[in-house]
1. Which links in 12/228; 12/77; 21/254; 21/228 stretch past 30 Å when you go from one Cα to the other?
2. Along the Cα→Cβ direction, 7 angstrom out, place labels at residue 275 and residue 214. What is the inter-label distance in nm?
3. Find how much the distance from residue 21 to residue 124 grows on full extension, using 0.36 nm per residue of separation minus their present alpha carbon separation; answer in nm with one decimal.
4. Hey, rough spin-label estimate for residue 71 and residue 42, points 7 angstrom out along Cα→Cβ, what's it come to in nanometres?
5. Given +1 on the Cβ of Lys and Arg, -1 on the Cβ of Asp and Glu, and no further charges, what dipole in debye does the chain carry about its Cα centre, rounded to the nearest 20?
6. Mind ranking 141-150, 20-29, 100-109 by how tightly packed they are, going by the mean number of other C-beta atoms within 10 angstrom, highest first?
7. Considering the values (1) 18.4, 54; (2) 20.3, 69; (3) 19.6, 62, which represents Rg and Dmax of the Cα atoms in Å as calculated for the structure under consideration?
8. If you stretched the chain out fully between residue 267 and residue 221, how much longer would it get, using 0.36 nm times the residue separation minus the C-alpha to C-alpha distance?
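Quick note: the coordinates plus some simple rules give every number you see, no bench work behind them. Remember, it's a predicted structure, so these values are computed and weren't measured experimentally. Every residue, glycine as well, gets a Cβ built from its backbone with ideal geometry; the counts of neighbours run over all protein chains shown.
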Amino acid sequence: MLRIGIDLGGSKIEIIALDEKGHSLIRRRVPTPQGDYAATLTAIVELLAAVENELGQRGSVGLGIPGAEAATGGLIKNANSTCLIGKPLRHDLQTLLQRTIRLENDANCFALSEAIDGAGQGSTVVFGVILGTGVGGGIVVRERVLTGANHIAGEWGHNPLPGQEDAMLAPPACYCGRQGCVETWLSGPGLERDHRRHHGEQLSAEAINQRASNGDANCEASLVRYEKRLAKALAQVINILDPEVIVLGGGLSKLDRLYVNVPRYWSPHVFSAQIATRLYPPTHGDSSGVRGAAWLWDHPDALTSAKPIDACRFT
């Protein structure tokens, strides 16, 4: 069975084709048309046609997007690619392609990929984290994505950062209209903003990490603050979800020190004397999201909403 996954990002549209064993047959990228819904649909259709023509066969199609479908009506919501908001994306693509597709949040696709044949392979519960321009998350139970009754399962980025922060600094405003969301502290821009607020210099997240590794005390302090905040936020996830594995994705997942330091910092915040949860980098790197979109077709019930979750309860 040929599985095709498409990752619709803000700057690029990526496609991958997997064979029945999960081996990559082809992978392509094209720029995402900026702010143009109709052109985005056309780009997806043309990219899919080119890949299927090259391989000489049709495949199942899964699509990962930076947002979610509303539980009622199927219109796109919570998308940072704003031209998608309020649009019937699945319906429109199925009409153009004349076939059924599966559509899911990109963080859920990332988590599914890592749960099936990545860092969380063999685990019952996997929490996938995106630490990039934004902060997202996905939950996979027994190789099935948990979407939830409102299609927002795993959206930890828009909970408030737990615990006391510097009372002298107002919590950052979030685009969602709230203040102090996890995303405002733990995204790449959040790290950069925090460094500027404390130390008065504008540096990229990559530069902060590089300078810290070279002994810069201010950059080291910024990364320690970041690690402690990440630990508190993930401890809250562990207390509720209790996953066996947490996998980090996105640009900040490349900071190797996170996998050593964050588990040390989360211990005081987890409601357990012993913590078995493991924190891992992604096996498939930046291709995990598009691979997960392809894996949406691995099982007839790869997506789990609130009602069928009884099937995932442990016996």
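1. Numbers: 12/228 32 Å; 12/77 20 Å; 21/254 27 Å; 21/228 39 Å.
Pairs exceeding 30 Å: 12/228; 21/228.
2. For the pair residue 275/residue 214, the computed spacing is 3.2 nm.
3. Details: separation 103, 0.36 × 103 = 37.08 nm, distance 2.06 nm.
Here the answer is 35.0 nm.
4. 3.7
5. Numbers: 30 positive and 33 negative charges, 57 e Å.
For the chain, the charge dipole is close to 280 debye.
6. Working: 141-150: 19.0, 20-29: 12.8, 100-109: 24.4.
Ranking the peptides 141-150, 20-29, 100-109 by packing returns 100-109, 141-150, 20-29.
7. (3)
8. Working: separation 46, 0.36 × 46 = 16.56 nm, distance 2.00 nm.
Extending this stretch completely gives an extra 14.6 nm.
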